[in-house]
Amino acid sequence: MKRIGMLTSGGDCQALNAAMRGVVKGLSENVDELEIYGFHNGYKGLIYGDYRLLTSADFSGILTKGGTILGSSRQPFKQMRVPDENGLDKVEAMKQTYHKLNLDCLVILGGNGTQKTANLLREEGLNVVHLPKTIDNDIYGTDVTFGFQSAINIATEAIDCIHTTAASHNRVFIVEVMGHKVGWLTLYAGIAGGADIILLPEIPYDINKVIGAINKRTKAGKGFTILAVAEGAISKEDSSLTKKAYKAKVADRKYPSVSYEIADQIYEAAGVEVRVTVPGHTQRGGSPCPYDRVLCTRLGSAAAQAIIEEDYGCMIAMINGETKRVPLAEVSGKLKTVDPDCQMIQEAKRIGISFGD
C-alpha cells in the first residue's frame, strides 16, 4: 500500500494535470494498492486539512486539460513560519495533516516559492518529491520546466499576430511578455516571433539604444518595429538604484507597467506612434502543447519510480534530455537566470536583434 498526497501550488500553468496524471499512472501500474489524496488550493489545503481521496477516474482525460483539477493558491514562503490570523502554526499544521493521513510521500508541483516550502517540509522530516512547474523556466537544476513551452507558443502567437497590424499601420508595437525576474520566456518568444528588440530583466536597457535601433530600421526603409519586453525589464538607470529605492520608484510610477513607460519615452524622443499589447494570463492558459504533455508524462513517471524506490527529498529534473533526481537541498532558493553573454544572446545579436544595451 502506498498513500500519496498531491498538491499544486503557486500560479497555474497548462501542464499541471498532465504531470499529476503521469505520477498516478506510473504508480498505479506498479503498486498493488494505492491511495491518492489531493489537497485543494495548494499548501492551503495541506494546512487546513482540505483534501479528498482521488480515484483513477479523476485522472482520466486530463492529459490535454489546462489549469489544475486540485486548484491552487499562493502561499508565500516568507509567511510559512508566521502564524495565521488565528495563531495557527502553519508548518505544524501541515505536518499533522501529513501524519494524520499516514502518507508515504507528498508530491508537490510548483515553482520556486513552492519548492522552498517543499524543502522546508523535507527538513521537518516529511517525504517529498517536487516537480518543477513554471512558465518562467527559472528553476535552478533543470534544463526546462513544464508550462514553459506552452507559454512560448502563446506569447509567440501574440507577436505573430502583432506583425500584420504593425506592418499595415507602420507603427511601433510593444508586446509585454510575462517574467518579473528572468527573461527566458521573452527571449524565446521574441526570437521565435521575429521581434526586432528584446528587453530582459538580466540586461538593463539604455532607452537611447532602443530608440536608436528603431531609427535604424526606419532609415533602412522598414516601417514598423516590434519590441518583446519582459514584465521585469529594467533600465540601466533604474538598475543602479538600491532595491528599496527601485521599489519606491515603481510604486510611484504613473504607468501601468514598464512597457507603457518605454512607449511614452519612444514617442517623446522619436515622435512615432507606439502601441502596447499585454497577453497577460493567456500565456499560462489553455491546453498544454504536445512538448509539455510528453515532458510531464516523463517527469511524472520518473517521480513515480522515485516513490516506489523510496528515494525522497528530490526534484525530478530534465537534464540533457534525461530525467534526473536532484536533491532539493542543492537547488532550493536558487534562481536560473539568462546569462547576458550566453551563446543564444550572441546569436540573436548577430542577426540584428537589439537588447537595448
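For region 230-254, name all the residues that are closer than 26 Å to residue 191 by Cβ and either open to solvent by less than 80 Å² (accessible area, probe 1.4 Å) or of a type in the set (A, V, I, L, M, F, W, C) (or both). Passing the criteria: 230, 231, 232, 233, 234, 235, 238, 239.
For region 320-354, the set of residues classified as under 21 Å from the mean Cα position of the chain (by Cα), open to solvent by 30 Å² or more (accessible area, probe 1.4 Å) and β-branched (Val, Ile, Thr) consists of 323, 337, listed by residue number. Screening residue 180 on (1) over 22 Å from residue 221 (Cα atoms); (2) open to solvent by 40 Å² or more (accessible area, probe 1.4 Å); (3) in contact with a strand residue (DSSP E or B) (Cβ under 9 Å, 6 or more places away or on another chain); (4) part of a helix (DSSP H, G or I) shows it passes everything except condition (4).
Kindly indicate whether any position in region 29-38 is touching a strand residue (DSSP E or B) at 6+ places or on another chain (Cβ under 9 Å), crowded, with 20+ Cβ neighbours inside 10 Å and either among the small types (Gly, Ala, Ser) or in a loop (DSSP other than H, G, I, E, B) (or both). Scanning region 29-38, I find at least one residue that is touching a strand residue (DSSP E or B) at 6+ places or on another chain (Cβ under 9 Å), crowded, with 20+ Cβ neighbours inside 10 Å and either among the small types (Gly, Ala, Ser) or in a loop (DSSP other than H, G, I, E, B) (or both), so the answer is yes. Looking at region 166-177, is at least one residue without any contact (Cβ under 8 Å) to a residue 40 or more places away in the chain, open to solvent by 50 Å² or more (accessible area, probe 1.4 Å) and out of contact with any Phe, Trp or Tyr (no Cβ under 8 Å at 6 or more places or on another chain)? The answer is yes; a qualifying residue exists. For region 186-200, the candidate set comprises residues that are in a helix (DSSP H, G or I) and not hydrophobic (A, V, I, L, M, F, W, C); within that set, the residue that is most open to solvent (accessible area, probe 1.4 Å) is 188.
Only one of the numbered conditions (1) open to solvent by 60 Å² or more (accessible area, probe 1.4 Å); (2) in contact with a strand residue (DSSP E or B) (Cβ under 8 Å, 6 or more places away or on another chain) is not met by residue 294, and that is (2). Evaluation of residue 10 against the conditions (1) in a helix (DSSP H, G or I); (2) touching a residue at least 40 places away in the same chain (Cβ under 8 Å) shows that the sole unmet condition is (1). Of the helices (runs of 4 or more DSSP H) that lie entirely inside region 230-293, not one contains 2 or more residues that are on the phi > 0 side of the Ramachandran plot.
Are any residues in region 213-222 exposed (fewer than 15 other Cβ atoms within 10 Å of the Cβ) and of a type in the set (Gly, Ala, Ser), and if so, which ones? Step through it out loud before you land on a result.
We begin by selecting, within region 213-222, every residue exposed (fewer than 15 other Cβ atoms within 10 Å of the Cβ); these are 215-216, 219-222.
Scanning region 213-222 gives 220, 221.
Within region 258-276, restricting attention to residues that are open to solvent by 40 Å² or more (accessible area, probe 1.4 Å), of a type outside the set (Lys, Arg) and touching a strand residue (DSSP E or B) at 6+ places or on another chain (Cβ under 6 Å), the residue that is nearest to residue 231 (Cα to Cα) is 260. Cβ separations smaller than 7 Å between residues 6+ apart or across chains give the following pairs from region 309-336 residues that are touching a residue at least 40 places away in the same chain (Cβ under 8 Å) to residues that are among the aromatic types (Phe, Trp, Tyr): 331/140; 334/140; 335/140; 336/140. The single condition from (1) among the hydrophobic types (A, V, I, L, M, F, W, C); (2) out of contact with any strand residue (DSSP E or B) (no Cβ under 8 Å at 6 or more places or on another chain); (3) not assigned by the TED database to the domain that holds residue 230 that residue 139 fails is (2). Take residue 203 and decide whether it is closer than 29 Å to residue 137 by Cβ, part of a loop (DSSP other than H, G, I, E, B), open to solvent by less than 80 Å² (accessible area, probe 1.4 Å) and β-branched (Val, Ile, Thr). Judged against the criteria, residue 203 is a match.
The values are calculated or read from the model by the stated rules, or taken from the named source; none is laboratory data. Please read these numbers as outputs of a predicted model, since none were measured by experiment. Positions of Cβ are generated from backbone atoms using ideal geometry, with glycine treated the same way; all protein chains shown enter the neighbour counts. For accessibility, only protein heavy atoms count, side chains too; no ligands or nucleic acids. Shrake-Rupley method; radii C 1.70, N 1.55, O 1.52, S 1.80 Å.
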